[in-house]
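K.L.:
What follows is a single structure, and I will ask about it in a moment.
No value in this document is a laboratory result; all are computed from the given coordinates. In this text, all values refer to a predicted model and were calculated from it rather than measured experimentally. No Cβ is skipped: glycine too gets one built from the backbone with ideal geometry, and neighbour counts run over all protein chains shown.
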Amino acid sequence: MKINPVVFLLCAFSFPATWAQTPAKTVKAVASPVKPLAKPAAREEPASPESLEIAQRVHVGSMPCEWGATVHLSSDPASPGYFHVSGKGFRYRMKSVATTTGAIRLEDQKAGAVWLQLANKSMLMNQKNGRRVADECAHPDQVAFAKDMVNNPPPALFDTTGMGR
């Protein structure tokens with residue numbers, strides 16, 4: 001078997017024998033001020049009395065939604081008026097917010113998520129992505145209300161039977 005002299009020389013000189021015998025050098029650590037990677041979390045503001053009243057009406061627990069999704073809603077015992085909303089692929093910390101319509105609204109302003117609770121259903125929306133994350137979510141109380149709406153529908157917004165028609 002013939003050995004190519006060029007390959008032999010490259011292999012022989014690519015790893016000097018003195019490297020294996022040289023002890024590892026220690027590197028002296030230089031003290032430098034440690035800078036935080038991110039700003040510390042700002043203290044959250046306590047919920048207003050109006051938000052606390054709204055929080056008492058929020059349905060908590062696991063709620064089945066459209067297309068087999070499930071949303072889990074739980075109140076934060078350490079911070080009244082705040083809730084944890086989670087499901088497959090999302091987790092939000094939301095605060096109850098007053099609305100003019102009477103709907104219950106929870107918001108995570110940082111993530112852009114909104115939970116809307118109506119009398120017959122709830123939905124989770126992501127305003128940053130502009131889409132609904134979960135829809136037709138229903139607590140047992142909301143299911144009962146929806147069934148009652150079928151049997152006793154609310155009055156129509158526009159009465160087409162009156163006014164001479």
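K.L.:
Using the Cα centre of the range 49-151 as the reference point, and only Cβ charges (+1 on K/R, -1 on D/E), how large is the resulting charge dipole? Debye, rounded to the nearest 20.
P.N.:
380 debye
K.L.:
Do you know the relative contact order of the range 38-143, to the nearest whole percent, from alpha carbon pairs under 8 angstrom that are 6+ apart?
P.N.:
Once divided by the residue count of the range 38-143, the mean separation gives 21 percent.
K.L.:
Between Ala111 and Phe145, take the C-beta separation as r, use R0 = 30 Å, and let me know the FRET efficiency to the nearest 0.05.
P.N.:
So, using R0 = 30 Å, E works out to roughly 0.55.
K.L.:
Still on this structure: By count of other Cβ within 10 Å, fewest leading, how are Asp135, Asp108, Asp148 ordered?
P.N.:
Taking fewest neighbouring Cβ atoms as first place, the list is Asp148, Asp135, Asp108.
K.L.:
Please compute the modelled spin-label separation between Ser48 and Leu157, points set 7 Å along Cα→Cβ, answer in nm with one decimal.
P.N.:
My value for the distance between the label points is 2.7 nm.
K.L.:
In square nanometres, what is the average projected area of the Cα convex hull of the range 49-151?
P.N.:
Averaged projected area of the range 49-151's Cα convex hull equals 6.9 nm².
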